[in-house]
Each structure stands twice: as C-alpha cells, then as structure tokens.
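> Please read through the structure below; I'll follow up with questions.
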Amino acid sequence: MQRITLARVAGLALAALLVYAGCQRDSEPDPGEALAAGVPTLRVGHVGHDHHLALYLAALEGERFAKDFGICLKEVKPKEVYDLVDGETTLGRLQFMKVGGGSRMPAAMSRGEIAIGLGGVTAVAKFADEGQPFKILAPLNTDGDMLVMQKESPIGNWAALVKTAKEGERPLRIGYKAPVAVAKMVFERALVAEGVSYGYDATEAKTGVILVNFGSEKSPIPLMESKAIDGFVMNQPAVAVAVHKGLGKTIAELRDLPPKGKWVNHPCCCIAATQDTIAAHPGVLKGLLKVILLSTDLIKTNQDLAIDCASRWTKYEQEIEQASVPTITYLAEPTDSWVTAMKTWVEMVADVKLFRGKYAAVTPDAFVGDLLDLTLVREAARELREKGLLKTP
Amino acid sequence: MNGKRLIVRVLLGAVVPLAILVVWHLASAGSVVVPSIGAVLDVLLHPLREPPALDATSLASGALISVLRVVCGFGLAALTAVPIGIGVGRSDTVRRLLAPTMAAAMVISPIAWIPVAIIAFGLSSPATAIYGDEAWRYGLLDQVRFAIVAVIWLGAFFPIALNAAAGARGVRDIYIEAARVLGASRRQVLSKIILPGAAPAIVTGLRVGGGIAWRVIIAAEIFPGTRGGLGYMIATAHEQASYEYAFASIIVIGAIGLALDGALRLAARRVSRWQPKER
C-alpha cells in the first residue's frame, strides 16, 4: 500500500511538472501581435556577445528607432521575438536564436534552423566552400583582436615581446582559441614578419613562441590564472574580461602588428543568409540591413548608449563593455578597405589550406565575387542616405 | 551508546566535506576562477534572482529546465530500456539480435552522439511540434529540445537495458515452470514472476542510468539555441568569468543527483526485500 502511494505521488509530481511545462506560457497572445497573412517568420542566429551589438541595440531601442527612423524592431518577447516594422508595414517576424560561435551558426543555417545568421566570416566561408549556398550580405565588425600578457609581465609592448622571444631564456607561451581564428593567424604572420620562430611543441626550447590551444575551454582565464600561458591573442570581449579581472594587460591591437597596415580592418563577424532566403525574402533582409546600418551609425555616434545596450543584452559588466566596445570597429556598409581586407584574409587562410572545396583554387577576387552579395546592403544604405538618416560616411 | 555512535558517524561523514571547504577557502584567496564560499552561498541563497552579470536565467529556473530535460530523457530511457532488456534477457533470438550492438554502444560516451543528435533533431522541441511558429510562447517546453533529450536517453538507456537483461536472465526457470504448471498465462508470468525477479537489477540499472543522465546534461546543455539549464549556466559562467554561478550550479547538480540516487536506492531496498528470504 505504502509502495503504491509513494509511486503514485512520484508519478503525479512528474505528471504535474510535464503538464506545467506544456501549458506554461511566457506571454499571452495580444491581438496587436497577430501577424497579417503572408508576413514571414524568420529565425535569426547570433552569438550573444558584443560583436553583434548592432542587432541588440536595435532590438533594445525599438521605440527610438520607430520615432527617429520610421523603421524598427518592435519587441514581442524580450531578446527572442521582434517584428520588423517599416512605417505601418510589418515586414516580418524575427525569432532570435542564440546558436553559439564558431561553426555553430553556419551549421544551424545549413540545417535550415535559421534563415539569417550573424557570425564569423571564417566559419561562413568554410561552409560555403563545402557547397552550402550561403552569401555574406554585409560586414558587422572588424578588428577587436588583441595581444594580452600577464599583468605582472615585464613585456609591455610589441617590440618588447619580439625582443624577449628572440633573446629570452625560454619560449613565450601564447594561447589562442581555435586553429583558424583570425587573431591566431594574424599573430603568426606578425611573428614571421619580425623573424621570430614559433611552434606548438612545448619541448622546442629554441622556439621563440609556443602557441597553446585553449581547447574546449574557449576561455583564457583559467590558463592565465594558473600561469600556464604568458599571454594570449583573442577577440573582445574575452580581452576586456581578462583585463577587468586583473589577470592581464593589453599590449597590442592585432590590427597594428607588422607588416604595417596589412591587418587593418581584418574581418571578424558578418551577416549571412542562404540563397533561398535571399530569393524569397529580399524585403525582410533589406529592412533588417537598414536597421543594422542605422544601429551601427548610432554605435559610432553615441558610444554611451552602445556600451549600455551591450551590457544590458550580453549581461557583461558595464566596465567590461566600456573596455571592449570602443576597440571594436563596427561596420555594416561595406567599404573598399573591408573588401581588400577580405582578400588579404583569403590569402592568409590559403596558407593553412582552410578551403578544400570550391574556393580551394580561386583567386581572392573570385572568392569575394562569389561569397559576397552586397546588393541589398548597398541599396539599403543608398535609400537611408537619400532620406538623410545615416550620419557617418 | 547509540547517541555516541551517531555523533561519531556524523563526524566521520563530515570530515571530507569540511576538508573540501578548507581547501576551497584557501584556493579562493586572490583567485578569479575559484570564487569565495560566500559568493557561491549568496547565489545558492537567492535561487530566484536573475544573475546580474550573466546571460542566463535564475538558478531555480535553470534547475527546473535541467530537471525537466533529465526527467524526459531518463523517463524515455526507462520506458524503452526495461522491455528491451527483458526481451534480451529472456529470448535467445532477441539476445543474439541486440546484445552485441548494445554491448558496443554502451562503451561509447553519450557526448560523442551530440553532433548526430543535432543533425537528427535540430532545434525541435515538444513546443515546436505542438505549437509550430508560436513555440516561443511556451519557453519552458521549448527548452526541452529533442536533441538534448535524445543524448540523455542514449546515456541512460544502455545501463538500464543491460541490467534489466541480466535481471531477467537471472530469474530461475523453476519459478516460471511452476507458474505455468499452475496455469499462469504469459502475461502473468511476465508480471508476477519475471518483472519482480528482475526488479532489483532494473533498479540498479536505473541508478546507474540516472547518474549518467545527470552527468550528460552538463555537456548536452551547450546545444545551439539553449537559453537555460544548469549546464548552460556553467558554460556561460566560464565564458563570462562569473565562476560563482558555475560553482553554485555544480553544487545544485550534485544535490539533485544525490536526491535522485537516494530515491532510487530507497526503491531498490523496497523491491529487494524478498531477496534475503529467497537465499
């Protein structure tokens, strides 16, 4: 009898939990939220850190956008569902999905789980190389990669690092997050330009720099605290976190490393979509690109607002975003400099044989011509300029 | 005397946890990665508070999401593994058909199946299956991603099935024959002889499977599209260097796992009561 009662109680508790989960609604449908027939719902994948601030700022400042620009992301469910509204017209409903960095965004797009993705150029290009019908519609940001050393390290700048690597008693151990991360590749080439030898084997005593993969940890903090590495090269906001936590100091922005000027505007994140999405929903994409362009403009002209929005969305402490956001170059309208930087990047990844598919043997010009589809963003920028809504060049 | 014994037992049991606390306290001095005991306690004592500097739901909400995922994955594993295990244990044909595959699959870490689960199930959930594009309104149900449940199921299935098989195989034929002589149907033999006979082994399998399910959840909750759960909280806390939340989540996972194991141990004791009599 007692056993039956216990089993029943446990069963009822589990059933109640499942019923609660099944019926628990986060929000009641509002008649104003109902979508008109034919308005599409598209999923937008993103990573969740401040590289995608243009999207987050637009989402958080919907009312400001509606008032100042007439086009906005109207919040339906915070951080998850937004209607893209242009004047009185709802162009589409966007569901934000935090899909993660690296290859996760293009992987989700290849499976059809997201229609639009914000993420790293490297991963998008790699999937396109393997035959996925992806196009990069616009850049999101460039730069923001730093060289950080232990806080108490005597090395305070790039020249000192080069000197120590050449003359020091032991190799410097510098961490990186992934083998094809832009930061790591730029750093390697800068070492070569300075004539510093580097390797991956900790037993190579004669090497100037030993590169250490963080592995699955993806965070330099534990390795920095344990002094397992002397420093690391990585993108923001990881750099700002290490500095804010008192573990490291930034000694160089990778864009400034030698050969001088070669790494300025090196690509980081972009907005990508499948060719099917581009063909089926050009209006939604153009509307979203307009919002991103306007948001990028706001980031440049109102940095306090940008930092506040970055902190509100990512939940990183305000001080961390204060250190991170100003070092990232936010860019949505493709410039000649960005396209040139994309070509430099292609040459760089050719050295590590990143591409083994359709881009394996193409020239940088052909690569850029195939992967980039900048028609919509250029149209969007032109229309906004005609209305006098874009402030920065 | 009894009181003295109790005190000694409690003191002995407290030695290791106290040593851990002392080491923790010493390690946390000046450390970013190891938070202070006070900081972790603060998180544990405010389970409903939204983390101020972490892109995650509250600890309680994360625990609820994780429990829901484990309940679904583990429940499905129990429902599927017990009948299959009994089939393997009692039928030569089923054993020849499944046993080699099960033995091989058992040693593969469920985490290795994560990419396969993502490809098979994507971002689908019971909410997307029922409510389609409106799934976002049912946040809790939408977080029970089929891919996560599938990985937990895989982790728990094999220990339960193999234990059920061993238990069913261990039921003495003499009992079954005696029941048949007395006119028992196949169903009665199954429900009155085989199932009770295999129950202790099944519960042992459930305990092992439950433990694995809780271990798997940490890795499984870094799936794309995940917004909550204790594993998600640990991963995000590492990324954002808010380690007090990682430690609090680890403690909660341990506590829930301990409670689950305690419940299953109690169940094991109940279903095994007849065993000493038989011996």
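The values are calculated or read from the model by the stated rules, or taken from the named source; none is laboratory data. Computed from a predicted model, the values in this text were never measured in an experiment. Cβ sites come from the backbone with ideal geometry, for glycine too, and all protein chains shown count toward neighbours.
> Give the stretch A:327-338 a look and list any residue that's over 19 Å from A:I278 (Cβ atoms) and either touching a Cys at 6+ places or on another chain (Cβ under 9 Å) or surrounded by 14 or more Cβ atoms within 10 Å (Cβ to Cβ) (or both), or say none.
Within the stretch A:327-338, A:T327, A:I328, A:T329, A:Y330, A:L331, A:W338 meet the criteria.
> Restricting the stretch A:113-147 to residues that are in contact (Cβ under 8 Å) with a residue 24 or more places away in the chain and out of contact with any strand residue (DSSP E or B) (no Cβ under 7 Å at 6 or more places or on another chain), which is surrounded by the most Cβ atoms within 10 Å (Cβ to Cβ)? Show your work before the answer.
Within the stretch A:113-147, the subset in contact (Cβ under 8 Å) with a residue 24 or more places away in the chain is A:113-122, A:124-147.
So of that shortlist, the ones also out of contact with any strand residue (DSSP E or B) (no Cβ under 7 Å at 6 or more places or on another chain) come out as A:122, A:125-126, A:129-132.
Details: A:T122: 23, A:A125: 26, A:K126: 21, A:D129: 21, A:E130: 15, A:G131: 10, A:Q132: 17.
Step by step, filter the stretch A:113-147, then rank; the result is A:A125.
> Considering each residue of the stretch B:203-245, count those that are free of Cβ contacts under 8 Å to residues at least 60 places away in the same chain and within 14 Å of chain A (Cβ to nearest Cβ), and give that number.
Residues in the stretch B:203-245 being free of Cβ contacts under 8 Å to residues at least 60 places away in the same chain and within 14 Å of chain A (Cβ to nearest Cβ): 6 in total.
> A follow-up question, please. Quick one: is A:K245 touching a residue at least 60 places away in the same chain (Cβ under 8 Å), under 29 Å from B:V33 (Cα atoms) and not hydrophobic (A, V, I, L, M, F, W, C)? Working first, answer last.
Working: touching a residue at least 60 places away in the same chain (Cβ under 8 Å): no; under 29 Å from B:V33 (Cα atoms): yes; not hydrophobic (A, V, I, L, M, F, W, C): yes.
Against the criterion (touching a residue at least 60 places away in the same chain (Cβ under 8 Å), under 29 Å from B:V33 (Cα atoms) and not hydrophobic (A, V, I, L, M, F, W, C)), A:K245 does not qualify.
> Further question on the same structure: How many residues, within the stretch A:187-218, are surrounded by 22 or more Cβ atoms within 10 Å (Cβ to Cβ) and within 20 Å of the chain's Cα centre (by Cα)?
1
> Looking at the stretch A:341-376, which of the residues that are of a type in the set (V, I, T) and touching a residue at least 12 places away in the same chain (Cβ under 8 Å) is surrounded by the fewest Cβ atoms within 10 Å (Cβ to Cβ)?
A:V352
> State whether the residues of the stretch B:235-244 include one that is among the aliphatic types (A, V, I, L, M) and at positive phi.
Yes, some residue in the stretch B:235-244 is among the aliphatic types (A, V, I, L, M) and at positive phi.
> For the stretch A:302-322, how many residues are part of a helix (DSSP H, G or I), under 17 Å from the mean Cα position of the chain (by Cα) and under 23 Å from A:I251 (Cα atoms)?
3
> Report yes if A:V196 is away from chain B (no Cβ under 14 Å) and free of Cβ contacts under 8 Å to residues at least 60 places away in the same chain, otherwise no.
yes
> Specify the residue that is nearest to the other protein chains (Cβ to nearest Cβ); the eligible residues are those in the stretch B:4-46 that are in contact (Cβ under 8 Å) with a residue 60 or more places away in the chain and either exposed (fewer than 14 other Cβ atoms within 10 Å of the Cβ) or more than 21 Å from A:E225 (Cα to Cα) (or both).
By that ranking, first place goes to B:V43.
> In the stretch A:311-322, is there at least one residue being under 30 Å from A:D373 (Cα atoms) and either touching a strand residue (DSSP E or B) at 6+ places or on another chain (Cβ under 9 Å) or not hydrophobic (A, V, I, L, M, F, W, C) (or both)?
Checked against the condition, which is being under 30 Å from A:D373 (Cα atoms) and either touching a strand residue (DSSP E or B) at 6+ places or on another chain (Cβ under 9 Å) or not hydrophobic (A, V, I, L, M, F, W, C) (or both), the stretch A:311-322 yields at least one hit.
> Let me ask something additional. Within the stretch A:73-94, track down each residue that is outside any strand (DSSP E or B), in contact with a helix residue (DSSP H, G or I) (Cβ under 8 Å, 6 or more places away or on another chain) and more than 8 Å from every other protein chain (Cβ to nearest Cβ). Reasoning before the result, please.
As a first pass, look at the stretch A:73-94 and keep what is outside any strand (DSSP E or B): A:78-80, A:87-88.
Next, from what is left, pick out any that are in contact with a helix residue (DSSP H, G or I) (Cβ under 8 Å, 6 or more places away or on another chain): A:79-80.
Selection gives A:K79 alone.
> Which condition number does A:A160 fail, the rest of (1) within 26 Å of A:P259 (Cα to Cα); (2) under 27 Å from the mean Cα position of the chain (by Cα); (3) modelled with pLDDT of 95 or more being met?
So the condition that A:A160 fails would be (2).
> Given (1) at pLDDT 70 or above; (2) in contact with an Asp or Glu (Cβ under 9 Å, 6 or more places away or on another chain); (3) small (G, A, S), where does A:S27 come up short, assuming only one miss?
Among (1) at pLDDT 70 or above; (2) in contact with an Asp or Glu (Cβ under 9 Å, 6 or more places away or on another chain); (3) small (G, A, S), the lone unmet condition for A:S27 is (1).
> Let me ask another. Would you confirm whether or not the stretch B:70-82 contains a residue that is exposed (fewer than 15 other Cβ atoms within 10 Å of the Cβ) and out of contact with any strand residue (DSSP E or B) (no Cβ under 6 Å at 6 or more places or on another chain)?
Looking only at the stretch B:70-82, we keep the residues that are exposed (fewer than 15 other Cβ atoms within 10 Å of the Cβ), and these are B:79.
Remaining after also requiring out of contact with any strand residue (DSSP E or B) (no Cβ under 6 Å at 6 or more places or on another chain): B:79.
Yes, because at least one residue in the stretch B:70-82 is exposed (fewer than 15 other Cβ atoms within 10 Å of the Cβ) and out of contact with any strand residue (DSSP E or B) (no Cβ under 6 Å at 6 or more places or on another chain).
> Right, next: Just give me the residues in the stretch B:11-56 being of a type in the set (A, V, I, L, M), within 30 Å of B:L140 (Cα to Cα) and not in a loop (DSSP other than H, G, I, E, B), in sequence order.
Across the stretch B:11-56, the qualifying residues are B:A39, B:V40, B:L41, B:V43, B:L44, B:L45.
> Under the condition of being over 17 Å from the mean Cα position of the chain (by Cα) and part of a loop (DSSP other than H, G, I, E, B), which residue from the stretch A:116-149 is farthest from the other protein chains (Cβ to nearest Cβ)?
The residue in question is A:P133.
> Here is a list of conditions, (1) touching a helix residue (DSSP H, G or I) at 6+ places or on another chain (Cβ under 7 Å); (2) in contact (Cβ under 8 Å) with a residue 24 or more places away in the chain; (3) part of a helix (DSSP H, G or I), and B:L64 meets all of them except one; can you say which number that is?
B:L64 satisfies every listed condition except (1).
> So, B:G210, is that one closer than 19 Å to B:L79 by Cα, in a helix (DSSP H, G or I) and touching a Phe, Trp or Tyr at 6+ places or on another chain (Cβ under 9 Å) or not?
Against the criterion (closer than 19 Å to B:L79 by Cα, in a helix (DSSP H, G or I) and touching a Phe, Trp or Tyr at 6+ places or on another chain (Cβ under 9 Å)), B:G210 qualifies.
> Next up: Any residue that is within 16 Å of the chain's Cα centre (by Cα), crowded, with 24+ Cβ neighbours inside 10 Å and not aromatic (F, W, Y) - is there at least one of those in the stretch A:273-284?
yes
> What helices (runs of 4 or more DSSP H) completely inside the stretch B:96-174 contain at least 3 residues that are of a type in the set (A, V, I, L, M) and surrounded by fewer than 18 Cβ atoms within 10 Å (Cβ to Cβ)?
Answer list for the stretch B:96-174: B:114-121.
> Also: Go through the stretch B:117-129 and report how many residues are more than 14 Å from B:R69 (Cβ to Cβ) and facing chain A (nearest Cβ under 8 Å).
4
> To continue, here is another question. If you check A:R104, A:R43, which single one turns out to be of a type in the set (D, E, K, R), within 22 Å of the chain's Cα centre (by Cα) and within 22 Å of A:P282 (Cα to Cα)?
Values: A:R104 fails: within 22 Å of A:P282 (Cα to Cα).
Sole residue among the options that is of a type in the set (D, E, K, R), within 22 Å of the chain's Cα centre (by Cα) and within 22 Å of A:P282 (Cα to Cα): A:R43.
> Return the residues of the stretch B:132-161 that are touching a Lys or Arg at 6+ places or on another chain (Cβ under 7 Å) and more than 10 Å from every other protein chain (Cβ to nearest Cβ); say none if nothing qualifies.
B:I148, B:V149, B:I152
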